[in-house]
1. Can you tell me which residues in the stretch B:54-72 are in contact (Cβ under 8 Å) with a residue 24 or more places away in the chain, outside any strand (DSSP E or B) and within 22 Å of B:E590 (Cα to Cα)?
2. Give just the number: which of (1) small (G, A, S); (2) in contact with a Cys (Cβ under 8 Å, 6 or more places away or on another chain); (3) surrounded by fewer than 18 Cβ atoms within 10 Å (Cβ to Cβ) does B:G638 not satisfy?
3. Please work out which residue is surrounded by the fewest Cβ atoms within 10 Å (Cβ to Cβ), limiting yourself to the stretch C:107-119 and to residues that are part of a helix (DSSP H, G or I) and more than 7 Å from every other protein chain (Cβ to nearest Cβ).
4. Mind checking which strands (runs of 3 or more DSSP E) fall wholly inside the stretch A:14-131 and carry at least 3 residues that are touching a residue at least 60 places away in the same chain (Cβ under 8 Å)?
5. Test each condition in (1) surrounded by fewer than 17 Cβ atoms within 10 Å (Cβ to Cβ); (2) touching a residue at least 40 places away in the same chain (Cβ under 8 Å); (3) touching a Phe, Trp or Tyr at 6+ places or on another chain (Cβ under 9 Å) for B:E221 and report the one that comes out false.
6. So in the stretch B:499-513, with the set limited to residues that are within 12 Å of another protein chain (Cβ to nearest Cβ) and either of a type in the set (F, W, Y) or more than 36 Å from the chain's Cα centre (by Cα) (or both), which one is surrounded by the fewest Cβ atoms within 10 Å (Cβ to Cβ)?
7. I'm checking my understanding of the structure. Among residues of the stretch C:154-171 that are facing chain A (nearest Cβ under 7 Å) and aliphatic (A, V, I, L, M), which one is farthest from A:G107 (Cα to Cα)?
8. Quick check, is A:A156 within 14 Å of chain B (Cβ to nearest Cβ), more than 19 Å from the chain's Cα centre (by Cα) and not aromatic (F, W, Y)?
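The values are calculated or read from the model by the stated rules, or taken from the named source; none is laboratory data. Bear in mind that the values here come from a model prediction, so they are computed numbers and not experimental data. Every residue, glycine among them, receives a Cβ derived from its backbone with ideal geometry; neighbour counts consider all protein chains shown.
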Amino acid sequence: MKIGYYPGCSLHATAREFEQSFRAIAGPLGIELAELDDWSCCGATSAHATNHLLAVSLAARNLALAEAEGHSALVAPCAACYSRLATARHEIGGDAALAKRVREILGRPFENAVKVQSIAEVLRDAAKTIAERTTRPLKGLKVACYYGCLLVRPPAVTGFDDAEAPSSMEDVVRAVGGEPVEWRMKLDCCGGGFSLSRTVSVLRLGRAIVDDARDAGARVIAVACPMCHSNLDFRQKAMARSPGAEELPILFITQVVGLGLGLDPAGLGLNRHFVDTAPVMRRIAPSATAAAPATETG
Amino acid sequence: MARIGVFVCHCGENIARTVDTARVAAAMRDLPGVVYAADYNYMCSSPGQAMIRQVIAEQGLSGVVVAACSPHMHEKTFRGAAAGGGINPFLCEMANIREQCSWIHQDREQATGKAIDITRMIVEKVKRNAPLSTIRIPVVRRALVIGGGIAGIQAALDIADGGREVVLVEKDPSIGGRMSQLSETFPTLDCSQCILTPRMVEVSQHPRIRLYAYSEVESVEGCIGDFKVKIRRKARAIDESRCNGCGACQEACPNKRIASEFNQGLGKRAAIYVPFPQAVPNLPVIDREKCSYFRGKARGSKKDLCGKCVAVCGPQAIRFDQEDSFVTENVGAIVVATGYRLYDIGKEQDDKRLKGYGEYGYGTIPDVIDGLQFERLASASGPTSGAIRRPSDGKEPKTVVFLQCIGSRDPAKGIEYCSKICCMYVAKHAMLYRHKVHDGQAVVFYMDIRAGGKGYDEFVRRAIEEDGARYVRGRVSRMYRDGEIIKVLGYDTLNGSPVTIDADLVVLATAMRPQPGIEGLAQKLSVSYDKHGFINEAHPKLRPVETNTAGVYVAGACQAPRDIPDSVAMASAAAAKVLGLLSNEELEREPTIAVVNADLCAGCFHCERVCGYGAISHREIRDRSGSLIKVVAEVNPGVCWGCGTCQAACPSKSIELAGFTDDQIYAAINAFADL
Amino acid sequence: MSSHHPGNRHTLAAEVREATGLNAAGCYQCGKCSAGCPMAGEMSLKPHDLMRLTQNDERDRLFGDESIWLCLTCETCTARCPNECDSARIIDALRELALRHDPERAPRKIRAFHQAFLDQIRSHGRVFELGLILQYKMTGGPLFQDALAAPGMLARGKLALSPRRIKGIKEIRRIFEACEPRPGEET
């Protein structure tokens, strides 16, 4: 199955391991990722918070690129990019005047025909294949699936899973033999784009999430968004922690799948995290190759 | 030879200010066939009507046109005057030069010209009017009440006490409805069953009430005054003539783990059961899906089928082989009183338009219950004998949180209306809780308090001021289980701060909805309903207990959310309408209904397809030897509303409205077009 | 979107309606949004307050308060609002209107971040994170925060040292120009 692929800015930089692991599992799952040629930034928070038309137009450019390349569907692993692209598609689809304006601004043919999918949706739809190709079932690994805010909200835009009790990520974790835990904060915002401009909020929100996952018995938190990952991984050390509480490794859902498929942890980028992922490796397969910490930037 | 009299009304200033009524009358005098035309101040007044009678006699009029207000206002008045003057009332018509002329125009010249046109059109029509007689249809002087809750019970008793026979059909094994499940009623805190059961007994003993419990309406045919209703009597597997209601079968049944419907899932019952001790009729019923005997039989087993109830039944009343039976009742009027059920917050909804409350757990948290479940806890005959206990562990809750407006006033979930009763019963629940758990704390999250009835506001104030209920104005964003308690995250908008409560028990005031299957029943009765399933009343202000289907009335919560006193009042009102209808041996109907010319009718039945009231039936025309010549359409004079759609649809012009024939209509149009 | 009696077109609610198609009057102040808002504890004006001030045309209080800038657009309020008010979208519109009518009162750090982010897109077509961080810090962001993290980021290959510009950069700049609010214009 061939699908248009929109990495978004973070996947080529601070969330490199997200792309790395996604590409690594795509092959075994029979997914051919066709990265959009010359894609541009979706606009993220800064565009939609300051200029709605700009936000829709920047996102729409990429939808138009996907259309031009003949794709019927486009996957955007970053939950924020997914939200911006899917929202643009939804708004343009529902407002003829906006659609006309955007077409004028883009100066490109644009039918708004490309379906936008999140990584959770794509993997959930491939759950059967994942289960079939699982060679290293993650038995005994308790995973807290963290959706964050934008993957399943607002329901009118996303639509592929329940906005209050989603299960797509849990389905994926189960497919690789892992044990998803029931926990409360799976939809609570991590602080998103405030990582730099209001870090104290991110630390407060992130702490509640990590604590709840830990209280629910999770040994790892699975995420599907680079901002969530950064806020929970990069900033976990700075979060206030109760004495004796362990750090929780934060894995991208694609990395969880990759481990289940038996792929090499280094190839999944598990050596690029700030919170050491070795405990996860030890838990799933004592003989699995421990990820050597990276020393190069490659 | 036409001899038409035209009377042009001033209606005080209403018409005369804009239309030159004298000129209109003068213009009419010039028309061929008009022998008299005059204008007058108030035609509807006594002297005005007297003038009509007098001129008819003096001038030997063959038709009358009154150019005045809308026929809705005074057609009856003027037809009465015409009849008093000695001509058939249907030879009198009105030309509307008020609502359709003087009230909507300002230019006097143009308005007068238009008034002349309108009146001339009606004159031409009236020249072709034929005398018509009121239609009389015989009335079967019995009534059917569908639904045995408090509204149905009240309607049945009122009609029966009024001297007419009533057939009461109830789908559950016992009558009593939701009121039999309540603990106490607001605002008096009367024990609900104590005030209800005497009525239930009265129904069962009333000589003029025939009660079919555990039965449903299968089909309805006919029209006002003459409905034929087929009723399905569902098989209880009990011989009613033998059962003495001893209850030994319930005790003997090996399967007592079935969630009790009467206790809203909080208690258990057996596979053979009487829903509650005061049930009317006091007969058990076997739940065939859970009964071991029936399940065994369904699997094909022939041996070792359970028969423990049979073994203990003294009168030998168990009848496993009993099947549904049918009975047809002939009635003249029907009252729909099927009541309500509560909205469910679960993920799966029976109506695609509705959503559940994922933010409150989709109904998976055991200690989050709804209002009817709380009633069962509080009720002395309930699963906990009236003690307030958590369903999860049976402990007494010390903090109970009540949430108002769950589903109601929530377009995002699919229900935009207010359910009217919740503010009152939540206050009641808070009070009952305090009366039973003296050191318990009730917290109520609300948006508004709707307590408009007699003594209602005082009742809510009592809950707050005397029984210590803490009312917080704001809604709850989310709740989840946290160990033993339920964390409730709400907001106090009056002092602007978030409110988090650790609740032992949460009670949701969920929306009132009509019963499932109401759409099917409504279609059988040809009554309309809204998008939520509530039965539509004929007019929201002035005809609240009638439907648009003649002879079918409505009472209680099946029409809209309402409380017990309003349901009872509505039921008595419907009964009054029914008694009024049944006080006649015959019904009069306007003759301006469709009539089929059988000679022209080709039997294509386009008319039947377009008729919105089911008024067309098939009539066979046979020759003397009995061979079929053709099948033609026939109009049921009791059902036809005279809408005229059939007349428009008929390709052979063989069906027309009496009083609105094509001839008459075209004459009016041509008069306007000066053809 | 149009109503039978549109009333005064220059109220804040009318401007919001013009920009978004949403009717702020739909908010009946139930507070469910604020009860579930992750930033409510830090906002002096919480989501339902923002809706109320919009209804009452109190733009001065709205634009002078940093609360609208603290919204994370997590969409929790929008997902839960019983009357489907879409408060998240309205708050976005309030931010845009604030920048149009009263830009100086928006909090400096947040404004600097958004500007730096958009400048990156305008220059390269994609966000070059190192450049973003540098520009942000130079235009109002905290100078020394995260300074010690840079080596860790670099070592893990998470920071590109130089930007790459997309081929279609002219398209991007055209989009930016086309979307710039002209004085007095309503979107």
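1. Initial filter on the stretch B:54-72 (in contact (Cβ under 8 Å) with a residue 24 or more places away in the chain): B:54-57, B:59-71.
Next, from what is left, pick out any that are outside any strand (DSSP E or B): B:54-57, B:59-62, B:69-71.
Scanning the stretch B:54-72 gives B:S62, B:C69, B:S70, B:P71.
2. In the conditions (1) small (G, A, S); (2) in contact with a Cys (Cβ under 8 Å, 6 or more places away or on another chain); (3) surrounded by fewer than 18 Cβ atoms within 10 Å (Cβ to Cβ), B:G638 misses (3) alone.
3. Keep residues of the stretch C:107-119 that are part of a helix (DSSP H, G or I), which gives C:108-119.
Those still in the list that are more than 7 Å from every other protein chain (Cβ to nearest Cβ) too: C:108, C:111-112, C:115-116, C:119.
Working: C:R108: 13, C:R111: 20, C:A112: 20, C:Q115: 16, C:A116: 24, C:D119: 18.
Filtering first and then ranking leaves C:R108.
4. Where strands (runs of 3 or more DSSP E) fall fully within the stretch A:14-131 and carry at least 3 residues being touching a residue at least 60 places away in the same chain (Cβ under 8 Å), they are A:73-75.
5. Tallying (1) surrounded by fewer than 17 Cβ atoms within 10 Å (Cβ to Cβ); (2) touching a residue at least 40 places away in the same chain (Cβ under 8 Å); (3) touching a Phe, Trp or Tyr at 6+ places or on another chain (Cβ under 9 Å), B:E221 fails exactly one: (2).
6. By that ranking, first place goes to B:T500.
7. Ranking the candidates gives C:A155 first.
8. Considered against the rule, which asks whether it is within 14 Å of chain B (Cβ to nearest Cβ), more than 19 Å from the chain's Cα centre (by Cα) and not aromatic (F, W, Y), A:A156 comes out as yes.
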